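Read through the structure below, which is laid out as structure tokens, and then see the notes.
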Amino acid sequence: MSTSTPVKVAVIYYSATGTIATLAKEIADTAEKAGAEVRLRRVRELAPQSAIDSNPAWAANARETSDIPEAAPDDIDWADAAILGTPTRYGNVTSQLKQYLDALGPLWAEGRLADKVYSGFTSSSTAHGGQESTLLALYNSAHHFGGIIVPPGYTDASKFEDGNPYGTSHVDAQGQKPVDGTALKAARVQAERVVLMTRALKAGLAEQ
Ligand SMILES: Cc1cc2nc3c(=O)[nH]c(=O)nc-3n(C[C@H](O)[C@H](O)[C@H](O)COP(=O)(O)O)c2cc1C
């Protein structure tokens, strides 16, 4: 496999109080270090300003990430791999990230979402709080896209520590536990694996 095969990765996420934003940045940085061209994008906020203002962590995250461009359909169209991040909402994907995915209908209809790599990451307040169901729900869309889902599995010894083969995840204990070294390591493992697998897929397809 040619290590010079260029790989484009879009890290597209929603984060209210900053947990997913922290993981997204680690994933984006790692993918870049692994040689990919990266777009880090946050999806559009749908909550009213009054809800954001009522939660200091939410307001702070909105402020601190305002320089990150808002995700557009073109970002996923451009990418060879999309790494998608969402907090767990009742064991499911947030409406904000889902709205982004729902707006991709025209690209889906043209078959432009197929043959890309997809991978996901999440966080929750509690252990067993729905992280795996959230990632599996997220991956439903990738099946419809005709995507190649690349989960981390237990492909690195560290995965036996964080324990989530479906994707990077973190338990934030209602904001009391910021993203830690275990979750950051999982983020790096996942990002490196996505770049490696995307490069292999692209190089292989080019030879067909
Ligand atoms: C409406 C709502 C629903 C949530 N549902 C769950 C849940 O099902 N399980 C859980 O453990 N945490 C749940 N949480 C907590 C968030 O998933 C968790 O705090 C997450 O880490 C926040 O990520 P962020 O800081 O990137 O916004 C919920 C939070 C909200 C606001």
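Would you pick out the residues in the range 163-205 that are touching a Ser or Thr at 6+ places or on another chain (Cβ under 7 Å), within 16 Å of the ligand (Cβ to nearest atom), closer than 15 Å to residue 83 by Cα and polar (S, T, N, Q)?
169
To keep it simple, each residue is scored yes or no on (1) hydrophobic (A, V, I, L, M, F, W, C); (2) in contact (Cβ under 8 Å) with a residue 12 or more places away in the chain; (3) within 9 Å of the ligand (Cβ to nearest atom).
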residue	(1), (2), (3)
95	no, yes, no
102	no, no, no
119	no, yes, no
130	no, yes, yes
134	no, yes, yes
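Among residues of the range 10-26 that are under 21 Å from residue 79 (Cα atoms), those with a Cβ under 6 angstrom from a residue that is assigned to a strand (DSSP E or B) and near the ligand (Cβ under 6 Å from one of its atoms), sequence gap 6+ or separate chain, pair up as 20/87; 20/123. Enumerate the pairs (first residue in the range 176-197 and on the phi < 0 side of the Ramachandran plot; second residue anywhere and part of a helix (DSSP H, G or I) and of a type in the set (Gly, Ala, Ser)) with beta-carbon separation below 9 Å, excluding pairs fewer than 6 apart on the same chain, so at least 6 apart or on different chains. Taking only residues 6 or more apart or on different chains, the pairs are 179/187; 187/24; 191/28; 191/31; 192/31; 194/31; 195/31. Summed over the range 123-166, residues that are surrounded by 15 or more Cβ atoms within 10 Å (Cβ to Cβ) and on the phi > 0 side of the Ramachandran plot total 1.
If we scan the range 134-143, do we find a residue that is in contact with a Ser or Thr (Cβ under 6 Å, 6 or more places away or on another chain) and under 15 Å from residue 20 (Cβ atoms)? Break it down stepwise before answering.
First, the residues of the range 134-143 that are in contact with a Ser or Thr (Cβ under 6 Å, 6 or more places away or on another chain): 134-135.
Subset that is under 15 Å from residue 20 (Cβ atoms): 134-135.
Yes, some residue in the range 134-143 is in contact with a Ser or Thr (Cβ under 6 Å, 6 or more places away or on another chain) and under 15 Å from residue 20 (Cβ atoms).
Restricting attention to the range 80-117, the residues that are in a strand (DSSP E or B) and closer than 15 Å to residue 24 by Cβ add up to 7. Flag not set for residue 17, criterion: of a type in the set (Ser, Thr, Tyr), surrounded by fewer than 18 Cβ atoms within 10 Å (Cβ to Cβ) and touching a helix residue (DSSP H, G or I) at 6+ places or on another chain (Cβ under 8 Å). Residue count for the range 20-51 under the criterion of being part of a helix (DSSP H, G or I), surrounded by 15 or more Cβ atoms within 10 Å (Cβ to Cβ) and away from the ligand (no atom under 11 Å from the Cβ): the result is 8.
If I filter the range 68-90 for residues that are among the hydroxyl-bearing types (Ser, Thr, Tyr) and away from the ligand (no atom under 12 Å from the Cβ), do I get at least one hit? No, there is no match, as no residue in the range 68-90 is among the hydroxyl-bearing types (Ser, Thr, Tyr) and away from the ligand (no atom under 12 Å from the Cβ). Take residue 152 and decide whether it is assigned to a loop (DSSP other than H, G, I, E, B), within 24 Å of residue 77 (Cα to Cα) and of a type outside the set (Phe, Trp, Tyr). Considered against the rule, which asks whether it is assigned to a loop (DSSP other than H, G, I, E, B), within 24 Å of residue 77 (Cα to Cα) and of a type outside the set (Phe, Trp, Tyr), residue 152 comes out as yes.
Okay, residues lined up against (1) under 16 Å from the mean Cα position of the chain (by Cα); (2) under 30 Å from residue 61 (Cβ atoms); (3) of a type in the set (Lys, Arg):
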{"position": "142", "(1), (2), (3)": "yes, yes, no"}
{"position": "148", "(1), (2), (3)": "yes, no, no"}
{"position": "157", "(1), (2), (3)": "no, no, no"}
{"position": "192", "(1), (2), (3)": "yes, yes, no"}
{"position": "199", "(1), (2), (3)": "no, no, yes"}
{"position": "202", "(1), (2), (3)": "no, no, yes"}
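Each value in this text was obtained by applying a stated rule to the coordinates, not by laboratory testing. Since the structure is predicted, the reported quantities are computational estimates derived from the model, not experimental observations. When we count neighbours, we look across all protein chains shown, and the Cβ atoms used for this are built from the backbone with ideal geometry, even at glycine.
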